[in-house]
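Report on one structure; see the data block that follows.
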Amino acid sequence: VSSNEQTLRIQAAVQRVQETSDVLIYEGTGHVGVGAIIDASNADVARRLDADVVLVANGGIGSAFDELEVNRAVLKDKGVRLRGVVLNKVVPDKVEQVRDYVGRAIQERWGVPLLGVVPDLPFLGKATLGDLERLLD
């Protein structure tokens, strides 16, 4: 399957969903370069769909910012609009520090907001009773 064929299939699927939806949220897997080997990276697909991007990175300050910067640079190179950032799995005692520091850094450097900081709480990664019920049904 060629990159062009993939793009046409994705665009057709998007068109079908748009007919019955007010909003579409696309989810890529991994970083923005995933899929580059077949000319269909997350950044390439976002560009082809004219989709804005919200980057999600695992929390912290240094390594999270470094990861975000690499992804932001690829998006910029591909002409994809970055609309915000969410930090996931942040050490609970560091949430406010991370929110303050990273929030200011990305706003000042990139002109985008920090949309959320999700603490790394044990129950967030656990199955719910509903999940178990569906598995056992």
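Annotations
- The requirement of being in contact with a strand residue (DSSP E or B) (Cβ under 9 Å, 6 or more places away or on another chain), without any contact (Cβ under 8 Å) to a residue 40 or more places away in the chain, open to solvent by less than 60 Å² (accessible area, probe 1.4 Å) and of a type in the set (S, T, N, Q) is fulfilled somewhere in the stretch 40-50, by at least one residue.
- Scanning the stretch 87-113 for residues that are assigned to a strand (DSSP E or B) and open to solvent by 40 Å² or more (accessible area, probe 1.4 Å) yields N88, K89.
- The condition (being under 30 Å from L8 (Cα atoms) and either at pLDDT below 90 or hydrophobic (A, V, I, L, M, F, W, C) (or both)) is satisfied by just one residue among V90, V53, V102, V118: V53.
- Of the listed requirements (1) assigned to a helix (DSSP H, G or I); (2) surrounded by fewer than 15 Cβ atoms within 10 Å (Cβ to Cβ), E67 misses just one: (2).
- Summed over the stretch 51-64, the residues that are in contact with a Lys or Arg (Cβ under 7 Å, 6 or more places away or on another chain), open to solvent by 40 Å² or more (accessible area, probe 1.4 Å) and either among the hydrophobic types (A, V, I, L, M, F, W, C) or closer than 17 Å to R99 by Cβ (or both) give a count of 2.
- Residue in the stretch 75-86 that is of a type in the set (K, R), in a loop (DSSP other than H, G, I, E, B) and open to solvent by 30 Å² or more (accessible area, probe 1.4 Å) present: yes
- If the condition is being closer than 16 Å to L82 by Cα and in a helix (DSSP H, G or I), then the stretch 13-59 contributes N42, A43, D44, V45, A46, R47, R48.
The values are calculated or read from the model by the stated rules, or taken from the named source; none is laboratory data. Owing to the predicted nature of the structure, the values given are computational and were not obtained by experimental measurement. Neighbour counts are summed over all protein chains in view; Cβ atoms, including those assigned to glycine, are modelled from backbone coordinates with ideal geometry. Side chains included, ligands, DNA and RNA excluded: accessible areas come from the protein's heavy atoms. Shrake-Rupley method; radii C 1.70, N 1.55, O 1.52, S 1.80 Å.
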